[in-house]
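Working notes, structure below.
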Amino acid sequence: MLKINLEKHLNFDNKIYIAFSGGSDSSALLYLISDLRDRYEFNLEAIHINHNLSHDSKKWEDHCKTICKNLSVPIIVRSVEIKPSGDGLESAARKSRYSEFESILQEDDQLLMAHHADDVAETFFLRLFRGTGSDGLGGPKIRRSVGKGTLIRPLLDSSKKELLDFIKQRDIKFINDLSNFEVNQDRNFIRNNLMPLIGERWSNVSSRISNASKLLQERNKTFSDLFISKYKNLIGPKIPIKELKKLDSLTAIDIIRYSIKEQGIAYPNKKVSQEIIKVFLLSSPGPNAEVSWSRADMDQPGGRLCKKDGHIIILKR
């Protein structure tokens, strides 16, 4: 049975949008929020992004329009053209989708997305296998900024099974995208092959992993707060090399990482981090010393470190 207190995440005085694909998850969220609207009478609207990646895309768009009409929920439909580059089709679609969201959201608007505990578990494994550090394994936040508004994920503590049970109970019609079962995509392989296999041995596996990810996120925040408080005089776009060399390499690289994060640049991987230590801390860097990197999915800009006036200078690539 689906038990969730949606009210605690929302401000009914500000407009609420729902990212509505028509799939089971976003359909469950739309109906849940529509029920709330009938009680609290807030301003609600849906957003459907047609990625035009399937021959059924127009059919899905029409389905979303019909559902919203039946619920008396206004809907914004945006049709986009996906142009994948080196980051792959999934990442290109995500970037295009978020670009549309940012263009719609105004100050204090809320965008609700239907990510749930199974999504968190899938992302955990996906990042783990890619060699992501503790920051990436900490899982998604319930709230974060998107453009002028705020993205909210109110279903993170709910499982896919709970959402499907709700869908069945309410007899809600939804889109079943068969491409979600094509295991050539890493996430689909984890969802359709790995998670069921683990689930045969351990029950409620998605909730277990989601809870672990949440605990890691909380510990990451505690560490970050303490670390930034202690080294705030060194964290920034210009880091004095002389001061860094007084510290152990693990502390020094964390100062560089937090400085990189402050500039909105993608974290370097372990190999690049080791190169940074070698170039700037274990030797005497010359005037042309430089280390650069990029992020494979290009969700964040790559970075470049160079030396100037005895400092490491952090730049976007």
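The values are calculated or read from the model by the stated rules, or taken from the named source; none is laboratory data. It should be emphasised that the depicted structure is a prediction, and the values quoted were computed from it without experimental measurement. So basically every Cβ, Gly included, is an ideal-geometry build from the backbone, and we count neighbours across all protein chains shown. For accessibility, only protein heavy atoms count, side chains too; no ligands or nucleic acids. Shrake-Rupley method; radii C 1.70, N 1.55, O 1.52, S 1.80 Å.
Observations on the model:
- Charge dipole magnitude, Cβ of K and R +1, D and E -1 - the range 20-131, Cα centre, debye nearest 20: 340
- Kirkwood Rh in Å, taken over all unlike Cα pairs in the range 57-128: 14.9
- By accessible area with a 1.4 Å probe, ligands and nucleic acids excluded, highest first: order of Leu194, Leu226, Leu112: Leu226, Leu194, Leu112
- Under-5 Å amide H pairs with Ser21, H placed in peptide plane, nonlocal only: Ser26
- Surface composition of the chain: carbon and sulfur make up 49 percent of the accessible area, probe 1.4 Å.
- log₁₀ of I(q)/I(0) at q = 0.09, 0.10, 0.11, 0.13 Å⁻¹ - the chain, Debye sum with one point per alpha carbon: -0.56, -0.68, -0.80, -1.06
- About its Cα centre, the range 177-244 has a charge dipole of approximately 460 debye under the convention of +1 per Lys or Arg Cβ and -1 per Asp or Glu Cβ, with nothing else charged.
- Accessible area (Å², 1.4 Å probe, nearest 10) - Met195: 20
- Per residue accessible area in Å² of the range 132-245, where ligands, DNA and RNA are left out and the probe is 1.4 Å: 63
- Total lysine pairs in the range 205-296 at Cα distances under 14 Å, for residues eight or more apart or on different chains: 5.
- Computed packing ranks the peptides 146-154, 238-246 as 146-154, 238-246, most packed first, by mean other Cβ atoms within 10 Å.
- For the range 1-124, the solvent-accessible area works out to 48 Å² per residue, with a probe of 1.4 Å and every protein chain left in place.
- Under-5 Å amide H pairs with Ile312, H placed in peptide plane, nonlocal only: Ile239, Ile241
- All distinct Cα pairs of the range 1-62 go into the 1/r average, and the inverse of that average, the Kirkwood radius, is 13.0 Å.
- Sparse-neighbourhood loop sites, chymotrypsin sites (Phe, Trp or Tyr not before Pro) in the range 2-91 - DSSP loop, at most 16 other Cβ within 10 angstrom: Phe12, Phe42
- Applying the Karplus relation 6.51 cos²θ - 1.76 cosθ + 1.60 with θ = phi - 60° to the range 132-142 yields 3J(HN,Hα) values of 5, x, 5, 4, x, 7, x, x, x, 8, 5 Hz, where x marks Gly and Pro.
- Intensity falloff of the range 173-317 expressed as log10 I(q)/I(0), Debye formula with alpha-carbon point scatterers, at q = 0.09, 0.15, 0.19 Å⁻¹: -0.44, -0.86, -1.09
- Total charge dipole magnitude, the chain, about the Cα centre, Cβ charges on Lys, Arg, Asp, Glu only, Debye to nearest 20: 1120
- Highest-MSF residue in the chain out of Ala114, Ala28, Ala266 [GNM, Cα springs under 10 Å]: Ala266
- Positive dipole terminus of the range 224-277, leading residue within Leu247, Ile235, Ser259 (C-beta point charges): Leu247
- Contact order for the chain, expressed relative to its length and based on alpha carbon pairs under 8 Å spaced 6+ residues apart, stands at 16 percent.
- Kirkwood Rh, Cα atoms: Rg over Rh of the range 33-181: 0.95
- Seen from Ile260, the other residues with C-beta closer than 12 Å to its C-beta sum to a net charge of +3, counting Lys and Arg as +1 and Asp and Glu as -1.
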